[in-house]
1. Under the condition of being among the aromatic types (Phe, Trp, Tyr) and under 17 Å from residue 393 (Cα atoms), which residue from the range 304-348 is modelled with the highest pLDDT?
2. Are any residues in the range 478-487 surrounded by 14 or more Cβ atoms within 10 Å (Cβ to Cβ), closer than 14 Å to residue 405 by Cα and of a type in the set (A, V, I, L, M), and if so, which ones?
3. Just to verify a result, which residue in the range 406-445, among those that are small (Gly, Ala, Ser) and more than 22 Å from residue 380 (Cα to Cα), is surrounded by the most Cβ atoms within 10 Å (Cβ to Cβ)?
4. Being modelled with pLDDT under 85, under 23 Å from the mean Cα position of the chain (by Cα), part of a helix (DSSP H, G or I) and surrounded by 15 or more Cβ atoms within 10 Å (Cβ to Cβ) narrows it down to one residue among 64, 26; which is it?
5. Test each condition in (1) under 16 Å from residue 53 (Cβ atoms); (2) among the β-branched types (Val, Ile, Thr); (3) at pLDDT below 85 for residue 159 and report the one that comes out false.
6. When residue 393 is evaluated against the numbered criteria (1) in contact (Cβ under 8 Å) with a residue 40 or more places away in the chain; (2) surrounded by fewer than 20 Cβ atoms within 10 Å (Cβ to Cβ); (3) closer than 18 Å to residue 344 by Cα, which criterion, by number, is the only one it fails?
7. Under 7 Å by Cβ, and 6 or more places apart or on different chains, what pairs join a residue from the range 34-62 that is on the phi > 0 side of the Ramachandran plot with one that is crowded, with 16+ Cβ neighbours inside 10 Å and modelled with pLDDT of 85 or more?
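The values are calculated or read from the model by the stated rules, or taken from the named source; none is laboratory data. None of the values given here were measured: they were computed from a predicted structure. Cβ placement follows ideal geometry from the backbone for every residue including glycine, while neighbour counts extend to all protein chains displayed.
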Amino acid sequence: MVAQFVRLKLTLMANTFRRSVWQTIGIVLGSLYAAGLVLMAVAAAVAGGATEPVVTGQVIVIAGAVLVLAWWLVPVFFYGVDATLDPHRFATYAIPRPRLLAGLAVAGVVSVPGIATVLAVVGAAFAWWRTPLAVLAALVGAVLAVALCVVGSRAITTILSPMLESRRSREVLTIVAFVPIMLFGPAISWFAQRMGSATVTVGDTVPAAVGGAAHLLGWTPLGAPWGLAASVHDGAWLTALGRLAVAVGTLALAVWVWERALARTLERPAEGGGKGAHGKGLGLFDRVPATPVGAVVARTATYWVRDPRYSASMLIVPLLPVVLYFATRNGGAEVIVILAPLTAWIAGFGISNDVAYDHTAFALHVATGTPGRTDRWGRAIPVLAVGTPLIVAYTLVTAGVTGLWESLPPLLGLSIGLLAASTGVSSFVSARWLYPVPKPGDSPFKQPQGATGATMVAQGVSMGLAAIVSLPALALALVSILLPSVALGWVTLVVAPALGAVVLVLGVRWGAQAYDRRAPELLQRVLSYA
C-alpha cells in the first residue's frame, strides 16, 4: 500500500511537467533553488562540525526546531493549497487505517519541500563526521525529525480540518498568516543587526544565549531529535536517552492523534450546507450613484473588502512603513522617502488582473452587455478613491519623519501621478493579458497550475510599463529634491498629476476598446482557468 501511494504521488508530480511549459520551468527553478539551499546548509554544517562542533550542534538544534515548527504550522495557514492526497478521497476505499497512515506519511515526503528536508537533515548528520557514534545518533535523529515533521503536520491539519473546511475560517487564517510573512524579512534583518552589535559590545553574551536556547529546545519535541548527536558527542548518555524518549514519545502521540482524527474524518465527514446567511441589505450598492459605473464600483469595492484574495494583497499597504523602516541600518529615515510613491505604484497595479479574479462573475458583464468604458472606470474609481487620501497621508508622514518638508510638494505630486498612471496602465493591461489566479474561495497563496511563468511575465510587463510612463514625473521629482529647488517642487506637484491623468484617461480608453473587442474571448479565457 505504501508503494502504491508513493507511485501515485510520483505520477501526480510527473503529470505537472506535462500541463504547461511555464509550470515546468517554475518547478525546475524551485527545485534548483531548494537544492542550492540544501547544499549551503549541509556545507555549513560539515565545515562547522570540523572547527566548532559544539557551536555547530547548538545551531543545528535551533534551526532544526524552527524547521519542525514550520512543517507543523505552515500547512494550517495554507490549508487546501496541495490536496493531491486528501484523505477524503480515500473514504470510499476499504483501506485499513494503519496502511493508510503509513502510505500518506511516506507519500507526504514525496514533494520538493519533503525531498529537500530529507536531504538537508541527512546531510547535516555528517557535521559529526569526526565522531562516528555521533553520526549514527544524528542519523537516528534525522529519521525521527522527518517523521515528526510529516506526521505532526498531517495530524494537526487533519484534526483541524472541520474548522479549516469553513471558508470564513480560511479567510481569517489567511489574513493572520500574511502579517508575519510580510514582517519575516525585516524581523530577520533587525535581529541580525542586533546580534552583530551585541557580538561586538558584549562578547560572549551571544554564544551563551545560543547555548541556552539550544539546551532548552533540546528537551522539547521540536528540538529533541536534533540534540541526540550533540549529547552523544559530549558523552552525556543519559541526556541522549532522555531526548530520544522525548522524540519517540512525541512521535507516538502524533501518530495516535492523527489516527483518531483520520478515523473521525473518514467515518463522520463534515456535511455541507448548514444555516444560510441572512441578508444584510445592499451594502455599498446603496451608497453609490445608481448608474452602471456605480454598480461596477460597488461590486469591485465589495470584493476588495470581503474577498481574501484582494484583502490579503491590501495588507501590504499598511505594512509597507514597517518594512521600509527596517530596510536600513539607520532607522529607515532615508528609505521611507519612497513610501508614498511605492504605495501608489502598488495600489494601481492591484487591478492589473481584475477580470481573472472575477472568474465566472465576469459572465454577468458579458451577458448584460456592459460597455468597456463602464467596466474600466468602475474598476479604477475604487483604487483612486481609496489610494489618493492614503498616499496623501503617507506623504505627510514621510515629511514629518524625515523633516524634509520642502520635499512635500514633489513627493505628493509624484505619488498622485504614479497612482493615476499605474491605474491607467492596469486598466489597459487587464483587458489584454490575463493569467491564472486562485479561484474564489481558494487560498490566496494557492498557485494555479501552469501559472508561475505567465504570472511573472504579465506582472513584470504591467509594473514595468507603469514605471516607464512615470519616468518624466520621477525625473522631475528627483531633480527638485536633489538640487533642492522649491520652485521646481511646486512645478512637480502640478505636472506629475497631469501626466498621470493623461496616462489614466488613455489607459482606460484603450482598455475599454480592447474590452469591447475581446469581452467574449476574455470570458472564455477566464473560464478555462476553472
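1. If we take residues in the range 304-348 being among the aromatic types (Phe, Trp, Tyr) and under 17 Å from residue 393 (Cα atoms), then 345 is modelled with the highest pLDDT.
2. Quick first cut of the range 478-487, residues surrounded by 14 or more Cβ atoms within 10 Å (Cβ to Cβ) only: 479-481, 485.
The next check asks that each one be closer than 14 Å to residue 405 by Cα; those that pass are 480-481, 485.
Hit for the range 478-487 is 481, nothing else.
3. Checked the range 406-445; the qualifying residue surrounded by the most Cβ atoms within 10 Å (Cβ to Cβ) is 407.
4. 26
5. Looking at each condition in turn, residue 159 falls short on (1).
6. Of (1) in contact (Cβ under 8 Å) with a residue 40 or more places away in the chain; (2) surrounded by fewer than 20 Cβ atoms within 10 Å (Cβ to Cβ); (3) closer than 18 Å to residue 344 by Cα, only one is false for residue 393: (1).
7. Every condition considered, no pair remains.
Residues checked against (1) at pLDDT 90 or above; (2) surrounded by 14 or more Cβ atoms within 10 Å (Cβ to Cβ); (3) aliphatic (A, V, I, L, M); (4) within 30 Å of residue 216 (Cα to Cα):
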position	(1), (2), (3), (4)
32	no, no, yes, no
35	no, yes, yes, no
52	no, no, no, yes
73	no, yes, yes, yes
81	no, yes, yes, no
101	no, yes, yes, no
112	no, yes, yes, no
